[in-house]
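The values are calculated or read from the model by the stated rules, or taken from the named source; none is laboratory data. In this text the structure is predicted, and so the values were computed from the model without any measurement. Methodologically, a virtual Cβ is constructed for each residue, glycine included, from the backbone with ideal geometry; neighbour enumeration extends over all protein chains shown.
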Amino acid sequence: MSLNNTTTPDASATGQSESGRIVGGRNAGQMGKYGSFLPEDYVQRRRELRANSVHLMLFIVVLAGVAGAFLVTNRQWHAVKAEQQAINAQYAAERDKIEQLKKLEVQKVEMLEKAEVTAGLIERIPRSILLAELINRMPERATIIELGMKSRRIREEVAKDPAGGPKPQSLSAKPIPGASGADAADKDKPVIRPRPPRLEFSLAITGLAATDADVADFHARLKDCPLLDRVDLVSSSATKIDETLVRKFKIEAQLKPSADARRIEPLSVPRMRRPITANVDAK
């Protein structure tokens, strides 16, 4: 009986020691895994909270970067837009100036055409100045017995379309509402402006001279005249006038189209006329 009493407390002590070892081992395992005696779910929540905080901070940083980039880009866009508006205003002002310049060019062309028509109607070489040039360039032993002037109008050919037919029309061209075919054809035709008449004047000078040298001298002087062009000696023959043998000549010339009596200095030759019969070579 004594043995049984002594063995029973030993068995209970052994069970308690084993249960203490088990609990101690479990706590030791928990401390080795988490480093603390805190519950696992609490540690997991702390860990998730820390990760969420980091993610939120990163999100805030990215959002701040995007907002800053948007503000900078928006400011640059406003600056570019303001510059574009300034450039558009400059283009509009220059376009108005170009339109005014085009209108001035059209007015200039119209004024030049009117001036050309008016100049064509004005006599550039008065007959008195032309006659004075002929008389002043004539040798002393020569005279003019007949002077004729003829005018001929120069006809200008109208430029024709090389194709010789109507121009093809595009299928995409839309007709103007309210406009008939005749009106559209009239609009397509070029505007024909009046042009001044171009005249060509020719001179025929018949005269008498003492010798052929006087005829040649008169012909050379007429060639030097700035009003005349194409001066040709047509004929020179001997004839008798009042029993005096003289040379009868005929000279033809044309007035220069660009000649203007206002741009030349009139030739002034003071002289005393001698009779044509003096120092005449008998032939």
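Taking the listed residues LEU71, LEU49, LEU38, LEU56, the one that is outside any helix (DSSP H, G or I) and either out of contact with any strand residue (DSSP E or B) (no Cβ under 6 Å at 6 or more places or on another chain) or among the aliphatic types (A, V, I, L, M) (or both) is LEU38, with no other qualifying.
Looking at the stretch 198-213, can you tell me whether even one residue there is outside any strand (DSSP E or B) and either of a type in the set (Lys, Arg) or modelled with pLDDT under 75 (or both)? Checked the stretch 198-213: no residue is outside any strand (DSSP E or B) and either of a type in the set (Lys, Arg) or modelled with pLDDT under 75 (or both).
Can you pull out every residue in the stretch 224-251 that is charged (D, E, K, R) and either surrounded by 14 or more Cβ atoms within 10 Å (Cβ to Cβ) or touching a Ser or Thr at 6+ places or on another chain (Cβ under 7 Å) (or both)? ASP229, ARG247, LYS248, LYS250, listed by residue number.
Each row is one residue, and each column tells you yes or no for (1) closer than 30 Å to ARG263 by Cβ; (2) among the hydroxyl-bearing types (Ser, Thr, Tyr).
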{"position": "LEU63", "(1), (2)": "no, no"}
{"position": "VAL66", "(1), (2)": "no, no"}
{"position": "GLN76", "(1), (2)": "no, no"}
{"position": "TYR91", "(1), (2)": "no, yes"}
{"position": "GLU99", "(1), (2)": "no, no"}
{"position": "LYS102", "(1), (2)": "no, no"}
{"position": "GLU116", "(1), (2)": "yes, no"}
{"position": "ARG137", "(1), (2)": "yes, no"}
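Here LYS81 clears all of (1) more than 30 Å from LEU245 (Cβ to Cβ); (2) touching a residue at least 60 places away in the same chain (Cβ under 8 Å) except the condition numbered (2).
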